[in-house]
1. Within the stretch 60-72, which residues are loosely packed, with under 15 Cβ neighbours inside 10 Å and of a type outside the set (Gly, Ala, Ser)?
2. Taking residue 97, is it part of a helix (DSSP H, G or I) and at pLDDT below 85?
3. Report yes if residue 111 is within 21 Å of residue 20 (Cβ to Cβ) and either touching a Phe, Trp or Tyr at 6+ places or on another chain (Cβ under 7 Å) or not assigned by TED's automatic domain parsing to the domain that holds residue 22 (or both), otherwise no.
4. Quick one: residue 84 ticks every box in (1) assigned to a helix (DSSP H, G or I); (2) in the same structural domain as residue 32 (by TED's automatic domain parsing); (3) more than 24 Å from residue 19 (Cβ to Cβ); (4) not charged (D, E, K, R) bar one, so which box is it?
5. Can you spot a residue in the stretch 53-66 that is out of contact with any His (no Cβ under 8 Å at 6 or more places or on another chain) and modelled with pLDDT under 90?
6. Mind listing just one residue for me: the one in the stretch 115-140 that is among the charged types (D, E, K, R) and assigned to a helix (DSSP H, G or I) and, of those, surrounded by the most Cβ atoms within 10 Å (Cβ to Cβ)?
7. Where residues in the stretch 109-121 are under 19 Å from the mean Cα position of the chain (by Cα) and touching a residue at least 60 places away in the same chain (Cβ under 8 Å), which of them is farthest from residue 31 (Cα to Cα)?
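The values are calculated or read from the model by the stated rules, or taken from the named source; none is laboratory data. Quick caveat: nothing in here was measured; it's all calculated off a predicted structure. Positions of Cβ are generated from backbone atoms using ideal geometry, with glycine treated the same way; all protein chains shown enter the neighbour counts.
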Amino acid sequence: MLKLLIAPLRWLFRIVLAVLILFEEWGWEPLQRAMAAIGRLPLLRQLEVLVSRLPPYAALVVFLLPGLMLLPIKLLALWLIGVGRPGLGLVVIVLAKVVGTAVVARLYALTQPALMRLDWFARLHARWIVWKEALLGWVRASAVWRSARALKLRIRRLWARGAGGR
C-alpha cells in the first residue's frame, strides 16, 4: 500500500520542484541584471564592493540572510490568507518571491567566488547543478513541455508575421 502512495507523491514532488526551479531559471538572469543596474547607484555600488570582498563564511551569511528575512513576510502572507484576504496574501507571496529571487541572484553573483572557496559549498553546488539539470531535462523531455514550446514558437512566428506586415 505504501509503495502505491510513494510513486505518485514522488512524481508530484518532482513537478512542484520543477516549477519552482523553472521560475528561478526564468527570473534569475533578468532579475540579477535589474539588481545590478540598481547596484550602480553610488551608495549601493560601495556596498556591493564590500560584499564582493567578504571572506567565505561572511559571504555565506550575507547570501543566506535574504531567505531568513523573507520568512516573516511569507508568514504575513499566510496570515492574510487565513483571515480571509487570499488575493492580498497571494500578491504578498508573489512579490516576496520575485524580490527575494532578485536579491538572492545578485548576492550570489557577488559572493560566488568566496563561496566556492568553501570545499563543502563547492561540492554541494556541483551536486545541485547536476541534480537540477537532470530535473530540467526530465521536464523538457515531457510531452507537456514539448507541446508548450511548439505552441510558443507558433505564436512567435504568427506575431512576427503580423508585426512585419504592418
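1. Within the stretch 60-72, 61, 64, 65, 68, 69, 71, 72 meet the criteria.
2. Considered against the rule, which asks whether it is part of a helix (DSSP H, G or I) and at pLDDT below 85, residue 97 comes out as yes.
3. Answer is no for this residue.
4. Every listed condition holds for residue 84 apart from (1).
5. There is at least one residue in the stretch 53-66 that is out of contact with any His (no Cβ under 8 Å at 6 or more places or on another chain) and modelled with pLDDT under 90.
6. Ranking the candidates gives 132 first.
7. Per the stated criteria, the residue is 121.
Listed here are the residues, each with its yes/no results for (1) among the small types (Gly, Ala, Ser); (2) under 30 Å from residue 10 (Cβ atoms).
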{"residue": "50", "(1), (2)": "no, no"}
{"residue": "64", "(1), (2)": "no, yes"}
{"residue": "88", "(1), (2)": "no, no"}
{"residue": "95", "(1), (2)": "no, no"}
{"residue": "100", "(1), (2)": "yes, yes"}
{"residue": "107", "(1), (2)": "no, no"}
{"residue": "135", "(1), (2)": "no, yes"}
{"residue": "140", "(1), (2)": "no, yes"}
